[in-house]
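Colleague: Here you go, one structure.
The values are calculated or read from the model by the stated rules, or taken from the named source; none is laboratory data. Here the structure is a predicted model, which is why all the values come from computation and not from measurement. Glycine also receives a Cβ, built like all others from the backbone with ideal geometry; neighbour counts cover every protein chain displayed.
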Amino acid sequence: MQRLGFIHDMLDVKVLILFVMSRVNYPATSQQIYELCFQDDCVSYFDVCAAIPQMVKSGHLAEKEPDLYEITEKGKADGSLTQDSIAYTVRCRAENAVNRFNRQLRRSSFVKTQVIPREDGDCSVMMSLDDETGNLMTLELLAPNQRQAVRLGKLFEKKAEIVYNMIMAELLDDEDEIDS
């Protein structure tokens, strides 16, 4: 039976992994590598999981922590030589997936939340928004229980910029009235 898709053997999987890893800006887990490489129906999770230890052993990837990988200089050099062998459509889809991944991780490094249980059963939710130069906003809210505190934290992670802009707009709007 003929396999559909552009990835046909372990070498194709490894070339695709090198292509993806040379473009990610942060170390990635094997699950994340698989998700970034799944741009062709012939790539399986098991292929990626089998390829990664082989690539660590060959010096193309380095394991920074358990199940957290980054590309080595050897991997970058070999990847740049072999990336032309990846089908154009797979390469474009993988590049788009990597761009989304980089944006998400970059953003998550700027938005932080922490739930701190208090003695009376309430929880404090510490939320902060940073940019490249430092902290823009730190906000602490009291939640009546752990469930609501976690929910507040997750919603802040999604809407941190909106919350910041609303606070700034509201405060600066009042400033105009003070100046008159």
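Colleague: Just checking, does the range 81-100 include any residue being of a type outside the set (Val, Ile, Thr), touching a strand residue (DSSP E or B) at 6+ places or on another chain (Cβ under 9 Å), modelled with pLDDT of 90 or more and outside the structural domain of Glu157 (by TED's automatic domain parsing)?
Modeller: no
Colleague: Next question. Search the range 17-37 for residues that are under 9 Å from Tyr69 (Cβ atoms) and in the same structural domain as Pro66 (by TED's automatic domain parsing) and pair each with any residue that is of a type in the set (D, E, K, R) and not in a helix (DSSP H, G or I) when their beta-carbon atoms are under 8 Å apart and the residues are at least 6 apart or on different chains.
Modeller: Note: pairs meeting the criteria are Met21/Glu70; Pro27/Lys64; Pro27/Glu65; Pro27/Glu70; Ala28/Glu70; Thr29/Asp67; Ser30/Asp67.
Colleague: Scan the range 25-54 for residues that are surrounded by fewer than 21 Cβ atoms within 10 Å (Cβ to Cβ), over 18 Å from Val98 (Cα atoms) and not polar (S, T, N, Q) and report the count.
Modeller: Counting residues in the range 25-54 that are surrounded by fewer than 21 Cβ atoms within 10 Å (Cβ to Cβ), over 18 Å from Val98 (Cα atoms) and not polar (S, T, N, Q) gives 6.
Quick grid of which residues meet (1) out of contact with any helix residue (DSSP H, G or I) (no Cβ under 6 Å at 6 or more places or on another chain); (2) closer than 30 Å to Ser22 by Cα:
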residue: Lys76; (1), (2): yes, yes
residue: Gly79; (1), (2): no, yes
residue: Arg118; (1), (2): yes, no
residue: Val125; (1), (2): no, no
residue: Thr138; (1), (2): yes, no
residue: Ala143; (1), (2): no, no
residue: Ala149; (1), (2): yes, no
residue: Ala169; (1), (2): yes, no
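Colleague: Looking at the range 100-114, is at least one residue closer than 30 Å to Arg147 by Cβ, of a type in the set (A, V, I, L, M), free of Cβ contacts under 8 Å to residues at least 60 places away in the same chain and not in a helix (DSSP H, G or I)?
Modeller: The answer is yes; a qualifying residue exists.
Colleague: Right, something else. Of (1) in a helix (DSSP H, G or I); (2) farther than 30 Å from Gln31 by Cβ; (3) touching a strand residue (DSSP E or B) at 6+ places or on another chain (Cβ under 8 Å), Leu172 satisfies all except one. Which?
Modeller: Just one mismatch for Leu172, condition (3).
Colleague: Filter the range 63-118 down to the residues that are loosely packed, with under 14 Cβ neighbours inside 10 Å and of a type in the set (Ser, Thr, Tyr) and list them by number.
Modeller: Ser80, Ser85, Tyr88, Thr89, Ser108, Ser109
Colleague: While we're here: Of the numbered conditions (1) small (Gly, Ala, Ser); (2) surrounded by 15 or more Cβ atoms within 10 Å (Cβ to Cβ); (3) outside the structural domain of Asn25 (by TED's automatic domain parsing), Gly134 satisfies every one except a single condition; which is it?
Modeller: (2)
Colleague: Would you be able to tell me the number of residues in the range 44-87 that are assigned to a strand (DSSP E or B) and charged (D, E, K, R)?
Modeller: Number satisfying all stated conditions: 4.
Colleague: For the range 66-98, name all the residues that are free of Cβ contacts under 8 Å to residues at least 24 places away in the same chain and in contact with a Gly (Cβ under 8 Å, 6 or more places away or on another chain).
Modeller: Thr72, Lys74
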